[in-house]
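Report on one structure; see the data block that follows.
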Amino acid sequence: MRGGLASAHARGLLQASTAPPDPLWTAVEADVFLTLEHSGRTRAIDRNRVLSYFTGMAIRPIITLPDPLLRKVSQPIERVDDDLRRLMDDMLETMYAAPGIGLAAVQLGVPRRLLVIDVAEDEEERQPFCLVNPEIVALGDGMRLHEEGCLSIPDVRVEIERPASLTVRYTDREGVRKELEASGLLATAIQHEINHLDGKLIIDFLSSLKRDMVVRKFKKQARATEAL
Ligand SMILES: [Zn+2]
């Protein structure tokens, strides 16, 4: 259904923009708009999300539980162009500001298969990776336990055991297909972020009882915020 208020609104924004509209992103943003409207969120919030993309604002809002977009399977990206690189830059800025070590595009409300990661320590130089359409092609034998947090589930930490090393195939910032062998925290972060692209969250590693408790807490918080 594309004829509703939301898509009319998106068209208006596109026309007002000085940047030439890109058909892929027009479709992406319209999708985001419709999904959010169906989820009952206010249009004022949706509008800011779309606006931030066109005005080149660097730090963008991160969606949090229980936003249903977090459960959506992100769609593959067809080409790497300047619009996508701008989104990568926004994602990196947003991740560094949070601060975090990884972010998936869907966490900014764009359900496309893109993630950014930088696991460098504070005193080290930044080592950002932008992974488009990432696929894990091999997993190592060893396991690694890590207490993971998630920018979309503030203040919740979950101990998760995942393969300690892996090989990931992806398209880079320049559109070149590459392979990366990762281990340690980088391997953990890549698996966490690829989970986001498939609608999977760290709370899915909890028992259903604990998971329900976390979800209930966030639903209650969201209701309290809306009531303000
Ligand atoms: Zn996360």
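Each value in this text was obtained by applying a stated rule to the coordinates, not by laboratory testing. All figures in this text were calculated on a predicted structure; none of them were measured in a lab. Cβ atoms come from the backbone with ideal geometry, glycine included; neighbour counts cover every protein chain shown.
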Fill in the blank from the handout: The summed charge of the THR167 Cβ neighbourhood (under 10 Å; Lys/Arg +1, Asp/Glu -1) stands at -2
Handout entry: Rg/Rg_globular for segment 63-227, with Rg_globular taken as 2.2 N^0.38 Å and Rg from C-alpha atoms
Key = 1.03
Exercise for the section: Starting with the highest mean, order 118-128, 94-104 by the number of other Cβ atoms within 10 Å, averaged over the residues of each peptide. Expected result: 94-104, 118-128
